[in-house]
1. Using all C-alpha to C-alpha distances in region 495-579, build P(r) with 5 Å bins and read off the rounded percent in each one.
2. Round to a whole number: what % of the accessible area of the chain belongs to carbon and sulfur, probe 1.4 Å?
3. What is the Cα centroid distance between region 116-183 and region 704-736, reported in whole angstrom?
4. Cα convex hull of region 178-311: mean projected area in nm², to one decimal?
5. Once Lys and Arg get +1 and Asp and Glu get -1 on their Cβ, which of Asn599, Cys735, Met181 lies farthest toward the positive end of the dipole of the chain?
6. Over region 173-260, average the accessible area per residue using a 1.4 Å probe and give it in Å², no decimals.
7. Round to the nearest 10 and give me the degree value, 0 to 90, for the angle of helix 156-166's Cα axis relative to the longest principal axis of the chain.
8. Check each of the trypsin sites (Lys or Arg not before Pro) in region 498-579 and keep only those in coil by DSSP with at most 11 other C-beta atoms within 10 angstrom; list them in order.
Amino acid sequence: MATVCGFVERIKYRNEDNGYTVLSLVNEGEEYTLVGNFHYISEGEMVEAVGAMTEHPVYGEQMTVETYEIKTPEDTAAMERYLGSGAIKGVGAALAARIVKRFKADTFRIMEEEPERLSEVKGVSEKMAMAISQQVEQKKEMRQAMMFLQEYGISMNLAAKIYQEYGPRLYGIIKENPYQMADDIPGVGFKMADEIARKVGIFTDSDFRIKCGVLYSLLQATSNGHTYLPEEELLCQASELLKVDRQLIEKHLMDMQLDKRLVIRETDGRRVVYASQYYYMELNSAKMLHDLNIRGQMPEGEIRTKLLKIQKEEQIELDEKQVKAVVEAVNSGLLIITGGPGTGKTTTINTIIRFFESEEMEILLAAPTGRAAKRMTEATGYEARTIHRLLELSGAPGDDRSASMHFERNEENPLDADAVIIDETSMVDIHLMQSLLKAINPGTRLILVGDVNQLPSVGPGNVLRDMIDSECFNVVMLTKIFRQATQSDIVVNAHKINGGEVIPLGKKSNDFLFIKREDPNTIINAMITLVQQKLPDYVHADTFDIQIMTPMRKGAMGVERLNTILQEFLNPPSEDKPQKETQGIIYRVGDKVMQIKNNYNIEWEVRNKYGIPVDKGTGIYNGDMGIIREINSFAELITVEFDEGRLVEYSYKQLEELELAYAITIHKSQGSEYPAVVIPVFSGPRMLMTRNLIYTAVTRAKSCVCLVGIPEVFQEMVNNETEQRRYSGLKDRICEINHLS
């Protein structure tokens, strides 16, 4: 073991989650490379480190640090170096030199004990003197806090958030009620707080623990799409989680309601329990929907006359339901248009847009995902954006509890438009619907378009279905399949699936094929042959444009297993294809990948054939597909090319935002369209093998659907209309407000 002492000249690399750091340490002209977990350290600080000297094949000699101590700089040169390193805001090299010149070896004592004397230095006011002193003290306190939190297994990144939230109060909170952190800090859930509480020695029947466990159970339910739970279910789930008797939990529900953390309501003769924010989301959304739902004054005859003129100019033929949709769009503050594939939703939207244009109205178009917005743009010739872009999201993405993330468009800064048209509304959850409604003033028309028979939103709520079932708004249901669409077996069979009819799988078809295979391996072999050899020429598309979609993540036909196998066949390893393995997944140059969360801040650029950037922008969205073009192991970067040549660089620690996409879940396909889709049909959990799941999968295909597997399983899915029950109260809130008005 060796000991080195010196100042931190440069932090070369730091993993913010676990504190793993590579830094260079300088002492009397000697430079050392140190690697290890440094809880909290800044450039310019004095460090004494103990560790083993090793020889790295690429980076040369370095010390793997076992223990270290941050020292207070003792000589004037070290003090000046630390103060001028940027560690203290507002103090640069020149000011650091003046401070040390004035106070010499006494500098740090003055800062801690007589900070007002710093104002004796030219350029330092009394206010600035106190700010400098405060920072020195805070850094000392923060270091101590970091060391304390590390003892409880808290990552450095999270420890910094905890310190920022509580400051010196964190010691009391950790020892008395660590569950408070689950309420206050994004990234600290019940499980982490519970583990800390166990280490501290807090009892399992503690009031704090039970209340936190109840809220955790309700928030876990939101990840399954629920906005509330029946009281019985909540008590069972919380009792199982907390391992305490339900009577102990029951007595806390009323207290939590008085504290405004829960709302308890009667629904269909039983008590149901909401985490209060979800109850008020539904209530506020219902009130805003009611306020938008006002009638216009244009006579129907006048609308129909103008509509005939537009139909003649655009050479559009509309059936009576579509005409009704246009009439209602003109005279309704709120309109829902729903229908399956081939029923003319796009033609109807386009006609509404042309009508509004003829009235010189300002129109905005949006959809929940980037892919759905792109499809809407292509179908209408009008720019469509994601709803998040429309509402001008700013701040930190991916964390709804983060105070820094918010929409610029809201009730105080509403959208400037006469009409807002939203497509793929079945994908919109209660969070996003509330944010959208806040940004729309009564008097602006809101037109919601979607297929109510598709899968509901991934997030909580059942917004589109609840709005339709409330029977409080204008709904136009398009049911006629147009002549051109009847020639497509995809469209015809999608409607048969929706009606629970028997699908003739043996029938010869150009665009709806069923290949019988009995076991998982032969199903996979058939899918590989289809994707690699048969389908690309048939649908005039690239292999990577053809999408395999499966109901589940785990199991023989789950995306995790399929992607590993498909990667070996469609993009096998070779010496000229660099790869990076992380958390058991191999990312290789040439791989097809998908972005799995919205990242509004990530930068992309489009380059010309000489590699010169010709366009730049920000934002890659959940569901966007790309190809890995480059892996730079030295810079630890992976470059992915998305649609329209947009190149994005991901650091290795951002790889959790990507997953292999040779196969994706049907849920992830919502709002997308592919030239051809291939769907394995093999037995799985009944709750996943449902009619609306297979209906959604089939309707994602533009030119061809290939089902591979067991015909009986396919028909069982068609017959299984037991959608997973969602506990959602928006319909009740709408009816209550409608009844009151």
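1. With 5 Å bins starting at 0, P(r) equals 3, 11, 17, 21, 20, 17, 7, 2, 1, 1, 0.
2. In the chain, the share of accessible area belonging to carbon and sulfur is 48 percent.
3. Their Cα centres are 51 Å away from one another.
4. For the Cα atoms of region 178-311, the hull's average projected area reads 12.9 nm².
5. Cys735
6. Dividing the accessible area of region 173-260 by its residue count gives 48 Å².
7. 90 degrees
8. Working: sites: Lys507, Lys508, Lys516, Arg517, Lys534, Arg553, Lys554, Arg561; in loops: Lys507, Lys508, Arg517, Arg553, Lys554.
Taking region 498-579 and a limit of 11 other Cβ atoms within 10 Å, the loop trypsin sites (Lys or Arg not before Pro) found are Lys507, Lys508, Lys554.
The values are calculated or read from the model by the stated rules, or taken from the named source; none is laboratory data. Just so you know, these numbers come straight off a predicted model, no measurement behind them. When we count neighbours, we look across all protein chains shown, and the Cβ atoms used for this are built from the backbone with ideal geometry, even at glycine. These accessible areas exclude ligands, DNA and RNA; they are computed on the full protein's heavy atoms, side chains included. Shrake-Rupley method; radii C 1.70, N 1.55, O 1.52, S 1.80 Å.
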